[in-house]
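The values are calculated or read from the model by the stated rules, or taken from the named source; none is laboratory data. These numbers were taken from a predicted model, which means no experiment stands behind them. We place every Cβ from the backbone using ideal geometry, glycine too, and count neighbours over all the protein chains shown.
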Amino acid sequence: MRGRGRYLDDLALPRMLWVAFARSPHAHARLARVDTAAARALDGVAAVVTAAELRGVARPLVPRLADAGFTPTAWPPLADGVVRFCGEAVAAVAAASASLAADARERVAAAYEPLPVLASLDAALAAGRVLFRRGERRGDVDAAFARAAHVVRETFEHGRCAPSPLEPRGVLADWDGEALTVWASTQTPSILRTALAAALDLPEPRVRVIAPDVGGGFGLKMHVFPEDVAVAALARLLGRPVKWVEERRENLAAASQAREQRMEVEAAADAEGRLLALRARALSDGGAYHVFPLTGALEPLGSAGILPGPYRTPAYAYEALAVATNKPPLGAYRGVGMTMGTFVMERVLDLLAERVGLDPAEMRRRNLIPRDAYPFTSASGMVYDSGDFPGALEQALAAVDYERLREEQRAARAGGRCLGIGLACYTEYTGMGAEVFRRRGMEDVPGVEAATVTMDADGAVRCAVSFPSQGQGHATTIAQVVADRLGVPLERVRVLPVDTHAGPGGSGTFGSRGTVAALGSAGAAAELVRARLQALAGHLLEAAVADVVLAEGHARVRGFPDRAVTLADVARAAHAPPPGGLPAGLEPGLAATVHFDPPGPTFSGAVHVAVVEVDPETGRVRILRYALVEDCGPLVNPTIVEGQIHGAVAQGIGEALLEEVVYDADGQLLTGTLMDYALPKAGDVPAIETGHRETPSPLMPGGVKGMGEGGTIGAPAAIANAVADAVRPLGRTVCRLPIRAAELRA
């Protein structure tokens with residue numbers, strides 16, 4: 001906000017070169033030849049490399065998944081022999097300036113022999129290009145369908161999305177002859193370090209990754225990409241720092257994308273509208289390669305796993321598949337898997353409500369998990385630790401005066417207006433640790449986070465953590481947690497940039513794990529420092545440790561406010577022991593490191609209510625009102641929670657009504673600029689009314705849960721239900737995201 005941030009593009013080193021990538025115009029082709037002579041001839045070009053130069057220097061990225069249904073892929077730093085999507089890099093230019101590198105890449109002449117293109121789910125499935133397949137069955141599904149009074153069968157689709165952070169990808173690498181230092185716009189510094197060490201055949205201690213300020217990530221920047229490997233390899237080959245900052249067109253064409261999925265679902269209910277069973281087949285377009293480290297299994301498996309939502313569903317069977325097409329890989333994006341699963345489940349409930357003759361709110365009342373049923377094992381086997389969805393539903397309905405809204409809707413319809421009201425209830429898994437990732441078969445995600453808290457001799461506090469921020473306010477939240485435990489003013493705590501050499505290793509920031517990680521690592525480390533401060537202060541004040549209170553920068557004796565010493569004096573004694581030394585059992589210094597493996601997942605959730613109006617002549621959708629009640633356990637910083645909700649709902653609105661990456665039948669990108677790929681603007685986002693409900697997690701420190709993805713999970717489903725409600729009198733329905741205006745017109 002103050003212009004003081006230092007992002008990847010703000011960094012420069014002496015003798016630094018800029019990198020640009022020449023990319024394939026074909027979605028699938030044999031790479032017959034790459035002629036780099038004209039590019040090399042430009043004055044100021046230091047190097048132009050192809051797969052031939054990097055083959056013995058850098059290995060492909062080969063993410064792993066311990067699952068019998070998994071087919072691995074190898075994504076090379078530069079296309080080696082074959083290009084598999086339009087935009088795949090075939091050569092890298094290193095030059096004295098960014099503009100010169102961009103000019104030189106235009107002189108790279110590649111000869112291609114086009115190959116058949118698979119550009120759709122159906123084509124890839126017909127060709128047998130399956131990247132991942134898993135099936136599960138719980139309960140007697142067939143018997144439940146046989147006795148059902150009502151059965152709904154429908155197919156739902158979700159188009160491709162582009163995560164589109166404000167700051168695109170970027171990496172700066174420097175090789176000093178012995179070790180590699182990398183500055184990267186990343187969510188996962190430790191995972192990036194491990195991947196680069198493996199790709200370049202280096203011991204991990206000889207690779208250092210530093211995360212400067214990061215301008216948004218949304219899941220995109222938790223991945224390791226071939227460009228990261230290529231830039232690091234170039235730095236090692238040239239012995240000079242090299243930097244690459246992605247252009248927006250590259251981001252839309254060559255970064256990982258998200259969501260593209262089709263789900264065929266059947267739902268069975270009894271005569272009163274109570275769910276009996278679900279069947280589902282989740283089919284994702286995984287793109288040309290598995291993305292590192294998550295693989296293409298994440299989207300379909302996540303959708304199938306979360307589909308039962310916060311509802312009692314006695315029986316469930318699903319198949320989850322990812323197929324390979326000639327498009328960029330499918331990767332993580334805020335709400336990965338859960339957005340599709342929630343969209344499908346909430347639409348199914350509304351369809352069942354219509355079939356049974358129930359109001360959508362009543363349909364949910366009859367199926368939501370009661371508060372006293374937690375911990376609750378879902379139909380997909382997930383163990384929900386806590387929640388109160390019946391309470392949250394009633395709170396949300398009261399907040400919007402739901403019955404009055406329905407009366408207004410009836411009056412509007414009588415006047416020819418298409419007004420709709422949509423509900424969505426969802427639960428999201430957050431705060432996952434190592435056990436969750438191992439159960440999923442993920443071998444490249446450690447799951448552990450760590451923090452080191454140090455009080456220096458002047459009483460100032462430093463905190464080094466393993467999980468960077470991308471705008472979520474981690475520094476504020478972590479400082480708040482540490483300051484509270486140590487009794488120091490907030491401004492005396494500094495949270496350091498994540499640096500794999502200067503701080504502890506971990507996994508990173510993703511999957512709504514930030515607050516859980518902060519309390520489990522930084523909070524716990526601060527408690528250890530606090531105990532040492534109290535012990536030393538008790539010695540200095542000649543008081544029992546249990547009577548020492550730390551607050552406002554002082555250690556005081558409980559009940560005797562005049563008996564006090566500043567924490568700076570206590571810290572000075574810890575770093576420079578007084579005559580007679582420290583008490584027995586206390587070592588010099590005030591520092592503690594805690595590694596924390598979250599025992600979750602813990603489950604957050606919310607109820608969203610959207611009110612929309614559809615213009616029957618144009619199909620345009622206008623959001624008139626948006627309200628929600630969020631349950632993410634105790635709120636550490638309510639302002640940051642509300643900010644996360646607002647941002648996520650804005651993204652969910654874009655996903656519901658605007659955003660789609662479109663390819664033609666030849667795999668050519670048709671939405672390659674922000675003139676074509678429609679992100680939401682300020683005028684598209686209404687005022688957002690938020691309410692809170694706190695059901696603490698019994699698993700996590702402080703009872704906290706994650707909540708960074710919820711708005712993006714709930715908003716598309718709520719808006720889809722509202723639009724479907726609005727156009728029902730026109731004989732229209734909603735089975736696809738984004739919702740296209742042309743399909744809503746009367």
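Considering each residue of the stretch 437-473, count those that are free of Cβ contacts under 8 Å to residues at least 40 places away in the same chain, closer than 27 Å to Val62 by Cα and either within 16 Å of the chain's Cα centre (by Cα) or part of a loop (DSSP other than H, G, I, E, B) (or both), and give that number.
1
Considering only residues of the stretch 145-166 that are crowded, with 18+ Cβ neighbours inside 10 Å and out of contact with any Lys or Arg (no Cβ under 9 Å at 6 or more places or on another chain), which is farthest from Gly471 (Cα to Cα)?
Of everything passing the filter in the stretch 145-166, Ala148 is farthest from Gly471 (Cα to Cα).
Just for the stretch 486-517: of the residues that are outside any loop (DSSP other than H, G, I, E, B) and touching a residue at least 60 places away in the same chain (Cβ under 8 Å), which one is nearest to the chain's Cα centre (by Cα)?
Of everything passing the filter in the stretch 486-517, Gly514 is nearest to the chain's Cα centre (by Cα).
For the stretch 266-277, state whether one or more residues are outside any helix (DSSP H, G or I), in contact with a Gly (Cβ under 8 Å, 6 or more places away or on another chain) and surrounded by 24 or more Cβ atoms within 10 Å (Cβ to Cβ).
yes
Could you tell me whether any residue of the stretch 701-719 is surrounded by 15 or more Cβ atoms within 10 Å (Cβ to Cβ), of a type in the set (D, E, K, R), over 25 Å from Pro390 (Cα atoms) and at pLDDT 95 or above?
No, because not a single residue in the stretch 701-719 is surrounded by 15 or more Cβ atoms within 10 Å (Cβ to Cβ), of a type in the set (D, E, K, R), over 25 Å from Pro390 (Cα atoms) and at pLDDT 95 or above.
What are the residues in the stretch 616-639 that are farther than 20 Å from Ala398 by Cβ and part of a strand (DSSP E or B), if any?
Listed by number, the residues that qualify are Val621, Arg622, Ile623.
Just give me the residues in the stretch 120-140 being assigned to a helix (DSSP H, G or I), of a type in the set (Gly, Ala, Ser) and surrounded by fewer than 18 Cβ atoms within 10 Å (Cβ to Cβ), in sequence order.
Answer for the stretch 120-140, where residues must be assigned to a helix (DSSP H, G or I), of a type in the set (Gly, Ala, Ser) and surrounded by fewer than 18 Cβ atoms within 10 Å (Cβ to Cβ): Ala123, Ala126.
Which of (1) surrounded by 20 or more Cβ atoms within 10 Å (Cβ to Cβ); (2) of a type outside the set (D, E, K, R); (3) part of a helix (DSSP H, G or I) does Cys425 not meet, given it meets every other one?
Just one mismatch for Cys425, condition (3).
Out of Ala353, Ala361, which single residue is part of a helix (DSSP H, G or I), touching an Asp or Glu at 6+ places or on another chain (Cβ under 8 Å) and on the phi < 0 side of the Ramachandran plot?
The unique qualifying residue is Ala353.
Looking only at strands (runs of 3 or more DSSP E) that lie completely in the stretch 1-119, which have at least 2 residues being closer than 19 Å to Val231 by Cα and in contact with a strand residue (DSSP E or B) (Cβ under 7 Å, 6 or more places away or on another chain)?
17-23, 45-49, 89-95
Listed residues Leu628, Leu679, Leu674, Leu635; which is of a type in the set (A, V, I, L, M) and surrounded by 21 or more Cβ atoms within 10 Å (Cβ to Cβ)? Before the answer, list the steps.
On the way: Leu679 fails: surrounded by 21 or more Cβ atoms within 10 Å (Cβ to Cβ); Leu674 fails: surrounded by 21 or more Cβ atoms within 10 Å (Cβ to Cβ); Leu635 fails: surrounded by 21 or more Cβ atoms within 10 Å (Cβ to Cβ).
Just a single option satisfies the conditions, and that option is Leu628.
In the stretch 640-671, what count of residues is obtained for those that are buried (at least 20 other Cβ atoms within 10 Å of the Cβ) and either outside any helix (DSSP H, G or I) or of a type in the set (Asp, Glu) (or both)?
Residues that pass the stated criteria total 7.
Go over the candidates Ala424, Ala450 one by one and state the one that is farther than 23 Å from Ala715 by Cα and small (Gly, Ala, Ser).
Ala450
Since Val344 meets every condition but one in (1) touching a Gly at 6+ places or on another chain (Cβ under 8 Å); (2) buried (at least 23 other Cβ atoms within 10 Å of the Cβ); (3) among the aliphatic types (A, V, I, L, M); (4) part of a helix (DSSP H, G or I), which condition does it not meet?
(1)
Before we move on, is Gly56 closer than 30 Å to Leu294 by Cα and at pLDDT below 95?
Numbers: closer than 30 Å to Leu294 by Cα: yes; at pLDDT below 95: yes.
In short, yes.
Scan the stretch 55-70 and tell me whether some residue there is out of contact with any Asp or Glu (no Cβ under 6 Å at 6 or more places or on another chain), closer than 30 Å to Arg439 by Cα and among the charged types (D, E, K, R).
yes
Residues that are touching a residue at least 40 places away in the same chain (Cβ under 8 Å) and either surrounded by fewer than 18 Cβ atoms within 10 Å (Cβ to Cβ) or at negative phi (or both), at least 3 per element: which strands (runs of 3 or more DSSP E) completely within the stretch 549-615 meet that?
So the answer is 591-596, 602-614.
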